Amino acid sequence: MREQGHDYEADLPLIARGLHMTVDQIHGILRKYRADPKYEPLPLKQDITPDEQEFIEAHRDEMPELETVDEQRRLYPKDGFAAHLIGYVGEVSEDMLNDPRYAYYEPGDVVGRSGVEESYDALLRGQDGSRDVLVDSHGREVGKLGTEHSKAGQSLKLTIDLDIQRAAENAFGDRNGAVIAMDPHTGEILAMLSRPTFDPNAFSVRIGREDWNKLITDPNHPLLNKTIQAQLAPGSTFKIVMSLAGLEEDMAEDMKVDCTGGASFYGHFFACDKKHGVLNVQQAISRSCDTYFYTLAVKLGITKIAKWAHAVGLGQKTGVDLPDEASGVMPSEEWKMKTFHEKWYAGETVSVGIGQGAVAVTPIQLARALSGIASGGVFMRPHVVFPEELPQEYRTAMFDSFRGSGNVTFPIDPDNWETITDGMAGATDPRAGGTAFASHLENIDFAGKTGTAQVISHSAGTNKVSSVIAERPHAWFVGIAPRRNPDIVVAVLWEHGGWGSGSAHVAARVIEAFVNKQRRLNHNLATEKQEPVEVGAVWSDPENAGALGGRPVIAHATKDAPKESATDAIHAAHFFLQIPAGKGDALAAVVRQP
């Protein structure tokens, strides 16, 4: 407090020792605020320890310039739970103060620095209060003019489903990568996580230089929200886009390819992981045959491939209401000329056909693209805050601020739609030999597509479990349930995870948690094995009374037959009813008790 009329300069060495600071640090703070009026207090240190507070109390008489102030602070979930989604707050920086977006902020103000905290800072932070006072020529307060009380910020309800978020966090564990779950009908994000994570509570106070340097130099990029910022080759998940392009362009419907372990194009041999034999497009999706999609890519050409990739939102932001979303890359002849001033070579198209080459996507793009295809051509803008939570003018401003592909609808031929979604269902079906058959879920219509994105050349990277982690491919999986018009889509990126089937296990656990929760809410919970239910029944059928067995209860007399010799019209018996799991209103079979 500089208006105490006390020479605090002489006290700085003692203050520095008592607050575990250096004199130079204190001088730096004084220089930062030297233009502020002297009656405004200067913050020296946040989050002081009990011994530092005792030091201030013990020296209050000799150092009246020191004062403690209680501050409110964000308290975030432990262990970095949903940290990239929620974000964190911190003191506004000098660079931010020079940005027109922060024109109404002052040094020392706390602002949202990432995630929802940054996107919706204007609503969450509220308005500061003020106190108008009279001061003399020395800056001393001599009177009060009035007080304007502060206004609390608005609460926001997120679209995140806590149960699904928890399931995703538990399933993904300590892997590096990202998971995103979304409702394809609305674009509501149900879960979002990025690994490695960080503790946003560390930013509630001024984070130390050492801790900050650890975060920004970590090669695994803990501050990067990989669900919207990691731009990597999609691998074989891109084959769904290829299938859409091939079918809609009338090139893949009757196309069959004999996979003998690879094929040669333009004088170069392109390998496939297996010898799949003769396949159609649906089988090629399920078994993820590279040879089939090399051939389809050559038939389509890069222009048609890029056309359909852009149509489903690749190579552009989705418009999610979170800061710093990446747009990815969808190569084309125009893109290469503009970026590298070089022409496109036909041989480059072959690798694009299996999601390699220059193709780069984010997990959120893949989730939106593949679920939109499975929804028959309905692509929704992802979002983490319910739009009805926002004032209309603020909602419009948000859409303008986060531009992207947004909500798009275009028709997909129903036959092509069924072919693609059945192929995705085959990927998780052991009977179809799918690449993710080990993640098959009983009693759940679970479909998807694996992706194994090479980080080194295909010929050198055939060993997916290399001892050098950095040389292992990235493992992708995009799963949906059910296969058509899905209620949930889950995209999983496991960095250097090897086979895409590894990521399928994570998606399966998340989708299983979602489906079981919906069944529980609908009082229709599935079980692994459900025993037959014994019931009793009576029935009448004068024409064929004994058809279902049982024993006679009431004899029905006719005018032609006396009662003692009448047809047995009313029968009764005990039955076992086999009720399929998750189908409480359906009967699978009727078995008569002997």
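The values are calculated or read from the model by the stated rules, or taken from the named source; none is laboratory data. Since this is a predicted model, take the numbers as computed values, not measurements. Positions of Cβ are backbone-derived with ideal geometry, glycine not excepted, and every protein chain shown enters the neighbour counts. Heads up: the accessible areas ignore ligands, DNA and RNA and are worked out on the full protein's heavy atoms, side chains in. Shrake-Rupley method; radii C 1.70, N 1.55, O 1.52, S 1.80 Å.
Computed from backbone phi with θ = phi - 60° and the Karplus coefficients 6.51, -1.76 and 1.60, the 3J(HN,Hα) list for the range 472-478 is 6, x, 7, 9, 10, 7, 10 Hz; x is used for glycine and proline. Stretching the chain fully between ASN522 and GLU148 yields a gain of 129.6 nm (0.36 nm per residue, less the alpha carbon separation). Close amide H partners of VAL133, meaning residues 5 or more places away or on another chain with modelled amide H under 5 Å apart, are LEU145. Packing order of peptides 42-55, 288-301, 433-446, 373-386, highest average first: 288-301, 373-386, 433-446, 42-55 (average count of other Cβ atoms within 10 Å over each peptide's residues). Take 209-217, 125-133 and order them by the average number of nearby Cβ atoms within 10 Å per residue, most first; the result is 125-133, 209-217. With everything on Cα atoms, drop me the angle between helix 290-300 and the longest principal axis of the chain, reported from 0 to 90° to the nearest 10. Compared with the principal axis, the helix lies near 80 degrees.
Rolling a 1.4 Å probe over the protein heavy atoms gives the chain an accessible area of 51 Å² per residue.
Helix content alone sets the calculated 222 nm mean residue ellipticity of the chain: runs of n ≥ 4 DSSP H residues at -39500 (n - 2.57) each, divided across all residues, give -8500 deg cm²/dmol. Couplings for the range 53-68, taken from phi via the Karplus curve 6.51 cos²θ - 1.76 cosθ + 1.60 with θ = phi - 60°, read 5, 5, 4, 5, 5, 5, 10, 5, 5, 8, 10, x, 6, 8, 8, 9 Hz in order; Gly and Pro are left as x. Once a ≥ b ≥ c are taken as the square roots of the eigenvalues of the Cα gyration tensor of the range 227-270, is the result rounded (a/c under 1.5), prolate (a/b larger than b/c) or oblate (a/b not larger than b/c)? Taking the square roots of the gyration eigenvalues as a ≥ b ≥ c, the range 227-270 is oblate.
All Cα-Cα separations within the range 13-159 were binned at 10 Å from zero, giving a P(r) of 8, 28, 34, 24, 5, 0, each value a whole percent of the pairs.
Over all alpha-carbon pairs in the range 36-103, figure out the percentage whose distance exceeds 16 Å. The share of Cα pairs beyond 16 Å in the range 36-103 comes to 69 percent. Computed over the alpha carbons of the range 312-444, Rg followed by Dmax gives 18.3, 53 Å.
Highest mean packing comes first when the peptides 238-249, 271-282 are listed by Cβ atoms within 10 Å, giving 238-249, 271-282. To put it simply, the accessible area of the range 370-440 at a 1.4 Å probe is 53 percent carbon and sulfur. When you filter the trypsin sites (Lys or Arg not before Pro) in the range 152-193 for DSSP loop state and at most 16 other Cβ atoms inside 10 Å of their Cβ, you are left with LYS157. Farthest towards the positive end of the charge dipole of the chain, among the residues THR421, GLY126, PHE402, is the Cα of THR421, using unit charges on the Cβ of Lys, Arg, Asp and Glu. Computed on the chain, the Cα convex hull volume stands at 265 Å³ per residue. Per atom type, the range 1-136 shows carbon and sulfur on 48% of its accessible surface, probed at 1.4 Å. Candidate cross-link partners of LYS214 among the lysines, defined by an alpha-carbon separation under 22 Å and a same-chain spacing of 8 or more, comprise LYS45, LYS78, LYS226. For the range 200-258, the normalised intensity computed at q = 0.15, 0.26, 0.28 Å⁻¹ comes to -0.65, -1.08, -1.15 (log10 of I(q)/I(0), Debye sum over alpha carbons, equal scatterers, no solvent).
Axis of helix 501-521 versus longest Cα principal axis of the chain: the two differ by about 80°, to the nearest ten degrees. For SER405, the residues whose amide H sits under 5 Å from its own are LYS317, THR318, GLY319, ignoring neighbours fewer than 5 places away on the same chain, with H placed 1.01 Å from N.
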